[in-house]
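Any read-out appearing in this document is the output of simple, stated calculations on the displayed coordinates, not a laboratory observation. On a predicted model such as this, the values are computed, not experimentally measured, just so you know. All Cβ positions, even for glycine, are placed from backbone atoms using ideal geometry, and neighbour counts span all protein chains on display.
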Amino acid sequence: MEIRIELPKVKLGIVEADQARVAPADPALARLIDEVSRRRSRQGTLEGLAEAESTGAVRAMFRDWGVDPSKYRPSSEALLRRIIQGKGLYRVLNVVDIGNLGSIEVGWPYGCYDRSRIHPPVAFRAGQAGETYEGIGKRIWHLAGRPVLSDTEGPFGSPISDSTRTMITWSTRDILAVIYAPSSASQAALEAALGSLSQRLLQFAGASATRCLVCL
C-alpha cells in the first residue's frame with residue numbers, strides 16, 4: 001500500500017503483515033521491551049531527551065508542518081518521557097507493543113493499524129477544518145492543521161495519536177505499520193528500522209508474510 005505524502009520534511013516507512021496472531025506480549029517480547037526500556041531510562045533526563053538528536057529532528061519536522069510539538073507531542077517523545085519518568089512502556093497487545101518498542105529505540109513515531117479497516121487511496125496530509133476522530137483512550141480529536149493519515153472515509157491515524165476506527169484489536173489479522181521518519185534520517189537507518197519491525201511481527205505475532213516500502 002503506497003501512501004501519498006502531502007506534507008514536507010518526512011519519509012514514511014511502511015510494513016504490511018498478513019495473518020498476524022494478535023495477543024498479549026509473550027515472555028520473550030516482554031523481556032525485550034523491559035531490556036530496551038531499562039537501557040533508554042538510563043540514558044538521561046527529560047532535559048536530555050529534549051536535546052537528543054532524534055527528538056530534535058522529529059520536533060523540527062512537526063514545526064515544518066506548522067504544529068507545535070510541545071502542545072501536540074509526537075507519540076515517540078510521549079513514550080520516551082514515560083520511560084524516563086519511571087512509568088514504563090504501555091502494554092496493550094503484541095502488535096502495538098512491537099510498534100512502541102521500535103519507536104523508543106529509534107525515537108520516531110510509529111503507527112500500527114488494522115489494514116482491513118483502511119480503504120485506499122491513503123494520503124499523509126494536514127487535517128482539514130471540521131475533521132475529527134475518536135482517539136484511542138482519549139476524547140474526540142479535532143484535526144484541523146494536524147498531520148493525519150487519511151483514506152476514502154477520512155482521517156484514521158497520526159504521529160500524535162491514532163483513531164479507534166483502525167486500531168489493532170483481538171480480531172485484527174492484517175497489519176499496516178507506518179514509521180514517520182524525519183527527512184534528515186538516512187535511508188539505511190529507515191531500512192534498518194523497517195527490517196527490525198518486520199522481523200518482530202514475524203517472530204512475536206506470527207505474521208505469515210511482510211512487505212516493506214519507503215515513501216519519499
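The label point for HIS142 and the one for ARG38, both projected 7 Å from the Cα toward the Cβ, are 4.5 nm apart.
Counting only lysines at least 8 places from LYS138 when in the same chain, those with an alpha carbon closer than 17 Å to its own are LYS71.
Of the listed peptides 185-191, 141-147, what is their order by residue-averaged count of other C-beta atoms within 10 Å, with the highest listed first? Please list the in-between numbers first.
Numbers: 185-191: 14.3, 141-147: 18.6.
Highest to lowest by the protection proxy: 141-147, 185-191.
Within region 39-131, the ratio Rg/Rh, alpha carbon atoms throughout and Rh by Kirkwood, equals 1.00. Considered as an equivalent ellipsoid built on the Cα gyration tensor, region 1-57 has semi-axes of 27, 26, 6 Å, the largest given first.
Under the 0.36 nm per residue contour assumption, what length would be gained going from the current alpha-carbon distance of LEU213 and GLU53 to full extension?
Additional length available on full extension: 55.2 nm.
Think of each Lys and Arg Cβ as +1 and each Asp and Glu Cβ as -1; about the Cα centre, that makes the dipole of the chain roughly 480 debye. Extension gain for the segment SER70 to HIS119, taken as residue separation times 0.36 nm less the Cα-Cα distance, is 14.5 nm to one decimal.
Rounding to the nearest 20 debye, state how big the charge dipole of region 28-96 is about its Cα centre with +1 on each Lys and Arg Cβ and -1 on each Asp and Glu Cβ.
Working: 13 positive and 8 negative charges, 67 e Å.
Magnitude of the dipole: close to 320 debye.
Kirkwood Rh and Cα-based Rg: tell me the resulting Rg over Rh for region 156-216, rounded to two decimals. Using only Cα positions, Rg/Rh for region 156-216 is 0.98. Its alpha carbons give region 98-216 an Rg and a Dmax of 14.2, 42 Å.
Each of VAL22, VAL178 was scored by other Cβ atoms within 10 Å of its Cβ. Listed from fewest to most, they are VAL22, VAL178.
Taking only the C-alpha atoms of the chain, Rg followed by Dmax gives 16.0, 45 Å.
One Cα centroid belongs to region 11-26, the other to region 150-216; the line between them spans 7 Å.
Centroid-to-centroid, using Cα positions, region 92-116 and region 69-85 are 14 Å apart.
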